[in-house]
Amino acid sequence: MTPDELGGEIEYLRTRRHHVGFGEVRRHLPRALPRRVERQVAVIILYDNPFSPFTRKVRMVLFWKNLAFESIDGLALSTLDALGAANPRREVPVLVDGDARVVNSADIVAYLDHRYGSPLALPAEPLRRIEARAWERLADGVVDAILHDVSIWTWPTHHRMDAPPPGLLEAGRRDLQTLFGTLEHGLGEGDFLCGDVSIADIALFPHLQSLKVLGLAPEPSTCPRVCAWVERMRALPFVRRDLDVVRRGVAEKFRGREASPYESERIVWRGDRLEWLFVNGFHDWWAGELGAGRAIVPRSL
Ligand SMILES: N[C@@H](CCC(=O)N[C@@H](CS)C(=O)NCC(=O)O)C(=O)O
């Protein structure tokens, strides 16, 4: 059997095409489903990152659809210029599939559904689809913002020696409690948020899963449905495959390395992440970050 038939991940060495460093590219092969390989005209390239909730969302959909793709860690300092050529905002994920270059995780997921069909991440039924998109927006907007803004002091890249501004963690904890209530209600008696597994679950999972490390996870006593849903998601084969990528990423990018392969001083601040900070009154703190040269705001043009 060839590696393609076996399925799995192999390290993919530097190619002229990508101009990126060794170890930043990995090829993910489909799990024994040759039909998919035939349907796939070009090798999909994903400007990826092991840890970003947005790339994890796209990766899970790729794994779920059993598509082969080549993953480039777009946020590694050695590949940032290649990422900038694909997306002027220098944000992952970006997906390149033949002539198609798709930026923004929600657009990528919609493209993959449209181009490669079932299993569909966006429900086919119109009202279900509206609902699923609303959950995805919630995940990509305010949920991502809360987690980003309160977690900075725990990042293995930045080693911040200062403390969060007073009240920031409390604001995060308060809003997360509201979110847990909304999720508990949204799940009701169902196994997933919109009937079957959908983009609603896939977009929210990386955020909910990372809460444990931050000591902010929902409690089974008050949020039994959310806790059971997290475990249900964890057990899905395509989610497990993604969790493996995250685990391997931690080992490869941080353990036993002198310096992290990522930016370790400045933080990229954008839209929702700033909005959540400002609406909670932390604009002066952020102005201090900008003044100290620790904040970057992306340019879209
Ligand atoms: N709206 C974008 C957001 C993507 C995004 O914020 N990506 C972050 C990683 S979580 C990024 O690439 N930031 C640039 C950086 O950290 O240098 C999407 O849904 O794809």
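For the reader, a short list of remarks on this structure follows.
- Of the residues in the stretch 280-287, none is exposed (fewer than 15 other Cβ atoms within 10 Å of the Cβ), of a type outside the set (D, E, K, R), touching a Pro at 6+ places or on another chain (Cβ under 7 Å) and in a loop (DSSP other than H, G, I, E, B).
- Selected residue (only one of Phe205, Phe192, Phe180 is at pLDDT 95 or above, within 14 Å of the chain's Cα centre (by Cα) and aromatic (Phe, Trp, Tyr)): Phe205
- All positions within the stretch 235-259 that are more than 19 Å from the chain's Cα centre (by Cα) and either closer than 29 Å to Pro298 by Cα or among the β-branched types (Val, Ile, Thr) (or both): Arg257, Glu258, Ala259
- Test: residue in the stretch 246-253 that is within 16 Å of the ligand (Cβ to nearest atom), over 16 Å from Pro53 (Cβ atoms) and out of contact with any Gly (no Cβ under 7 Å at 6 or more places or on another chain): yes
- Within the stretch 84-117, being without any contact (Cβ under 8 Å) to a residue 24 or more places away in the chain and either among the polar types (S, T, N, Q) or within 15 Å of the ligand (Cβ to nearest atom) (or both) holds for Gly84, Ala85, Arg101, Val102, Val103, Asn104, Asp107, Ala110, Tyr111.
- Inter-residue pairs, beta-carbon under 9 Å, first under 23 Å from Ser198 (Cα atoms) and at pLDDT below 90 and in the stretch 34-59, second buried (at least 21 other Cβ atoms within 10 Å of the Cβ) and of a type in the set (Lys, Arg), 6+ apart: Arg36/Lys65
- Failed item, numbered, when Leu80 is tested on (1) surrounded by 19 or more Cβ atoms within 10 Å (Cβ to Cβ); (2) within 24 Å of Arg248 (Cα to Cα): (1)
The values are calculated or read from the model by the stated rules, or taken from the named source; none is laboratory data. For clarity, every value in this text was computed on a predicted model and none was experimentally measured. All Cβ positions, even for glycine, are placed from backbone atoms using ideal geometry, and neighbour counts span all protein chains on display.
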